[in-house]
């Protein structure tokens, strides 16, 4: 006996050819399309496709530009990391300068090195390095000028002199580098042509330190210091090292300015 199949209509899925989910609910657009010929619709489609191509081209250009900028950022980060690993040039902050203003109180844009630099972006700093150079920095570097004070110890790049970071007040690499670990071994005999200077140095420095009691008994006040002056290579450092050996003193080599 054949099976009986009930012919029941399929439930409406809620989506038809005239549904707004397909064509949208903008009656004006539908009416506009209905009033156009086939050639006009084709021309509008071509125009829309061209606009889409232009938008895609702009997106690709933005992606390329963003990629290049990210490469530049990564390169700058690697340079900053490299600069921070290299030995610092120890310097001192001399002065912190406010941005330049004209008579009306407006910021002044200066030209430096052929390119304009806007000093209004921040304060400028004057630093003095251990190599006896005074440097003006319109762009201080990685440290905010507001965090700096005159006289503070800072570490700068040895080439561009930009400020890399502040150094602790108890840290002064100049003094630590000046102290000689090994006791000087130079003798007076190692210094030729300075017999008169050696004799005067012994009388002014060595004897007052080794025979201090005798000087007190006689009532002679020894000099508080001696200045050795002369061009490079004339034996000043050797004289000082020989004196340090014969007085059992710690020898410091200090660059004075």
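Data overview
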item	result
Any hit, the stretch 165-181, residues being at pLDDT 85 or above, in a loop (DSSP other than H, G, I, E, B) and either out of contact with any helix residue (DSSP H, G or I) (no Cβ under 7 Å at 6 or more places or on another chain) or under 27 Å from residue 225 (Cβ atoms) (or both)	no
Residue in the stretch 185-203 that is modelled with pLDDT under 85, surrounded by 13 or more Cβ atoms within 10 Å (Cβ to Cβ) and not in a helix (DSSP H, G or I) present	no
Neighbours by Cβ (under 7 Å, 6+ apart or cross-chain): first from the stretch 20-49, at pLDDT below 65; second surrounded by 10 or more Cβ atoms within 10 Å (Cβ to Cβ) and outside any helix (DSSP H, G or I)	21/15
Residue check for residue 159: at pLDDT 80 or above, assigned by TED's automatic domain parsing to the domain that holds residue 94 and either assigned to a helix (DSSP H, G or I) or closer than 28 Å to residue 249 by Cα (or both)	no
Test result for residue 128, closer than 27 Å to residue 167 by Cα and either part of a strand (DSSP E or B) or modelled with pLDDT under 85 (or both)	yes
Hits in the stretch 204-226 (condition: in a helix (DSSP H, G or I), over 15 Å from residue 242 (Cβ atoms) and touching a helix residue (DSSP H, G or I) at 6+ places or on another chain (Cβ under 7 Å))	208, 215
Set 56, 77, 69, 81: member being part of a helix (DSSP H, G or I) and over 24 Å from the mean Cα position of the chain (by Cα)	56
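The values are calculated or read from the model by the stated rules, or taken from the named source; none is laboratory data. Quick caveat: nothing in here was measured; it's all calculated off a predicted structure. All Cβ positions, even for glycine, are placed from backbone atoms using ideal geometry, and neighbour counts span all protein chains on display.
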